[in-house]
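The values are calculated or read from the model by the stated rules, or taken from the named source; none is laboratory data. Computed from a predicted structure; not experimentally measured. Glycine also receives a Cβ, built like all others from the backbone with ideal geometry; neighbour counts cover every protein chain displayed. The area values use the complete protein model at the heavy-atom level, side chains included, leaving out ligands, DNA and RNA. Shrake-Rupley method; radii C 1.70, N 1.55, O 1.52, S 1.80 Å.
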Amino acid sequence: MTFLTLFDMTIALLYFLGALFFLGGILGSTHFLKRCSLITTLIAFLLHTIDLVLKVSQSPEFFITQGQFYFSLLAWVLLMIYLVLWWRLKLQFLALTASPLALMLFCSSMAINTDTLSIPSELSLLWFGLHIAALFVSIALLAMAFGAGLCYIYVDKKIKHKIKLNKLQRDLPALTSFDQVNHWAVSIGFPLFTVGVLSGFLWAGFTWGEIFSFDPKEILSLAIWFVFAYLFHQRLALGWKGRKPAKMASWLFILSLVSFLIINLYLPTHHSFQP
Amino acid sequence: MQKYIQLIGLNHRTAPLEIREVFALNEVSPKQLDLWQENCPVKELIILSTCNRVELLTISQGHDTPIEWMLRSWARLCSHEPEALRPYIYILNHKEAVEHIFSVASSLDSMVLGEPQILGQMKDSYRLCVEQGTTGPILNRLMHKAFSVAKRIRTETKISQNAVSISFAAVELAKNIFGNLAPKKVMLIGAGEMAELAASHLINNGIQQLFVTNRTYARAVEIASHFQGQAIPFTEIYNQLPKADIIISSTGSNQTLINIKDMRQIIKKRKYKPMFFIDIAVPRDIDPDINQLDNIYIYDIDDLKGVVEENLEQRREEAEIAKKIINEEVTAFEGWLRSLSLKPTIIDLLNYGENLAQKELNKTLKNLGPDLSPETRQAIEQLAFSLSKKLLHYPITFLKRKSQEEESANYFTSLIRRVFDLDNEPIPPEAHTLKKQKKD
């Protein structure tokens, strides 16, 4: 076990360095540091992948009943989405959201101590995969929309109020690039979120015989789903762009985080990580 | 014999445009000035002529001042009397001239502080003079130094950052909103110098299409054909507006053309794709309240002027830093100039040899160990020092002999300094690539 702990520490350290390098790169506007950040993050991500595979292959039944595992997995998904967006849209600045968030989640996965989850015995890999993967990817996308949204709102306000952009802000991508992130997050994130929530309800239906049991997690998820659906409709049907979707996606992300961190850790729910 | 660096010239501060036009020396070869006679003190010459300045930079030798020669031949070339020229010119000597050339190259002396064109113009003028063979070791060195100073200032200060013209400021803002301007469509409402300038900057950024509209349709067609755009009738504005991403407006209209109520409809029709309005007209054509709508940005002439003024202020602050760099470089250049005379070069050469001998001696003596007899030690020392002196004997006598010849003295001192690397000059990065190119 000590080897794995050491391994985890290395990954956390690399994530930390990646986030730090990127911050330095942005502040000093040096390309070199940004490059370093990308490389360290990439290495950390690979190690993280190995780490997850090692743990799960060791004893799958044990690890998927551990709360820590989900923290680590969410961090991994977040980085994967960041790397995909970086690769497809060349939006490196998203590292500002992705790296610190992943670092936080990964560190929490090492720090927190949770009781064994009661995973229903009827667990099938299909349901598990659908439920977790779909939801985690959509949360990661929302995280990206959150970072891009904050940047959008800030720069938009400056241009609207005719306040001069300083060097740092002029080096940021254009407003339309931030909006593009939002577009991806909404148009891909919402269907995935729907799949995730739906599979959860169906699973609950098979396992406990009732689809909706007024669990706080279920209530919040449903609320998020409705807001998300509204945003999805406005964005794709009416063509909403800019400030409003940016704001809404940011709130959605905050709600998701509340759902993942606060409800799972402190409230009585099926998903509880509570010891 | 002592050489003098002198510069005479006029620029936008000392002479009005009519005078600058009359005395312009564009595309004039330096050989056309009759400064190349036996008794003229001018030895090296560079002409720099742009729309804002005409300057003659010379190296002269002898007791005569070359100023009168230069004035006379310059005025004659422009078919005028020297007296017509005299009130507008400035004369700079030696250190001042060097400082001035460095400032001009770094665009500290330009009408628009920090503008980049001047360096290119200087390089062209210099190339012409090199081809004509009117430059020598001092001006070559001075100009190369000026170019590297300009480069240093550009990288070390923020002097050429941020747009300082209204149309450039507008384009920069457009980039902050849209990023890539290539797929964007621009609409030009009304005509005017500034609006057309902004349009041409946008076209240089590769926009996809330009619509032009004007109260008189014929004028719209005229402008459209000039920019290869598409003319649309004035009444069609509302139908075409949803297509446009960037709108430049500058009509002489007293009423607002576009109001917030219409814009609500238009932006909805566009599916909320952002629009950027540049309203250069006075009184304004576009209701400034549309700025309240999401995804619509509007800058009027005062807003843009505000941006430009802030940027200019920043350049002025940067110019102060640049001046310090120039002072440093002027001092370094003066040092080099002084070393061009014979005596310091001989001393430098001898020092170089002695240092080398000492270094090698230390190495050898260390290798031979402590058991060396004092006689052997002395012999080795003597060998090293006399070898270095003998080796340098011929270069030194060569220099002494050449220093008698006025023409080539500077050239050979400068050459020897370079051969023995007495100034610790860095090797230019392109040195080896040039060699490779020649081989190909």
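List of remarks:
- Reciprocal of mean inverse Cα separation for chain B (Kirkwood radius, Å): 27.0
- Under 5 Å, built H, 5+ apart or other chain: amide partners of B:N295: A:R243
- Computed from phi, the 3J(HN,Hα) profile of segment B:126-139 under the Karplus parametrisation 6.51, -1.76, 1.60 (θ = phi - 60°) reads 4, 4, 4, 5, 5, 4, 7, x, 9, 9, x, x, 6, 5 Hz, with x in place of Gly and Pro.
- The accessible-area loss of segment B:295-344 on complex formation, taken against its chain alone with a 1.4 Å probe, reaches 20 Å² or more at B:N295, B:Y297, B:Y299, B:D303, B:E310.
- The residues of chain A have, on average, 47 Å² of accessible surface per residue, using a 1.4 Å probe with all protein chains present.
- A straight line joining the Cα centroids of segment B:74-150 and segment B:287-322 runs 34 Å.
- Computed helical MRE - 222 nm, the protein assembly as shown, DSSP H runs ≥ 4 contributing -39500 (n - 2.57), nearest 500: -20500 deg cm²/dmol
- The accessible surface of the protein assembly as shown, taken with every protein chain in place and a 1.4 Å probe, is 60 percent carbon and sulfur.
- Counting only protein heavy atoms and a 1.4 Å probe, segment B:3-156 has 44 square angstrom of accessible area per residue.
- Solvent-accessible surface, computed for protein heavy atoms with a probe of 1.4 Å, shrinks by 30 Å² or more for the following residues of segment A:146-177 when the other protein chains are added to the isolated chain: A:I159, A:K160, A:K162, A:K164, A:K167, A:R170, A:A174, A:L175, A:T176.
- Cα gyration tensor shape of segment A:190-275, rounded if a/c is under 1.5, else prolate or oblate by comparing a/b with b/c: oblate
- Once exposed loop chymotrypsin sites (Phe, Trp or Tyr not before Pro) are cut out (DSSP; at most 16 other Cβ, 10 Å), longest piece of chain A: A:1-211
- Every pair of different Cα atoms in segment B:335-427 enters the Kirkwood calculation, which places the hydrodynamic radius at 14.8 Å.
- Prolate/oblate/rounded call for segment B:166-308, Cα gyration tensor, a/c under 1.5 rounded: rounded
- Debye-sum result for segment B:172-211 in log10 I(q)/I(0), which assumes one identical scatterer on each alpha carbon, at q = 0.29, 0.32, 0.34 Å⁻¹: -1.06, -1.18, -1.23
- Where only C-alpha atoms are counted, convex hull volume of chain A per residue in Å³: 127
- When the Gaussian network model of chain A links Cα atoms closer than 10 Å, the mean-square fluctuations of A:V197, A:V227, A:V186 top out at A:V227.
- Residue of B:P66, B:P183, B:P370 that the Gaussian network model of chain B assigns the largest fluctuation, springs spanning Cα pairs under 10 Å: B:P370
- Reduction of at least 30 Å² in accessible surface, 1.4 Å probe, comparing all protein chains with the chain by itself, residues of segment B:269-285: B:K271, B:Y272
- Cross-linked pairs A:K167/A:K247; A:K162/B:K158; A:K162/B:K184: no Cα-Cα separation exceeds 31 Å.
- Using the Cβ of B:R316 as centre and a radius below 13 Å, the other residues enclosed give a net charge of -3, where K and R count +1 and D and E count -1.
- Chain B - share of DSSP beta bridges that are antiparallel (%, nearest 5): 45
- The lysine pair tally for segment B:187-313, using Cα distances under 21 Å and a gap of 8 or more places or different chains, is 8.
- Full-stretch length increase - B:E334, B:C78 - with 0.36 nm per residue and alpha-carbon distance subtracted: 88.8 nm
- Rounded to the nearest angstrom and listed largest first, the equivalent-ellipsoid semi-axes of the protein assembly as shown from its Cα gyration tensor are 66, 44, 16.
- Long-range HN-HN contacts of B:F211 with modeled amide H, under 5 Å: B:V186, B:M187, B:L188, B:Q230
- Size of the B/A contact, given as accessible area buried on both chains, probe 1.4 Å, in Å²: 2000
- Highest-MSF residue in chain B out of B:L202, B:L119, B:L293 [GNM, Cα springs under 10 Å]: B:L293
- Heavy-atom surface of segment B:166-308, accessible at 1.4 Å and reported per residue (Å²): 44
- For segment B:373-386, backbone phi angles converted through the Karplus equation (6.51, -1.76, 1.60; θ = phi - 60°) give residue-by-residue couplings of 6, x, 5, 4, 4, 4, 5, 5, 4, 4, 4, 4, 5, 6 Hz, Gly and Pro being listed as x.
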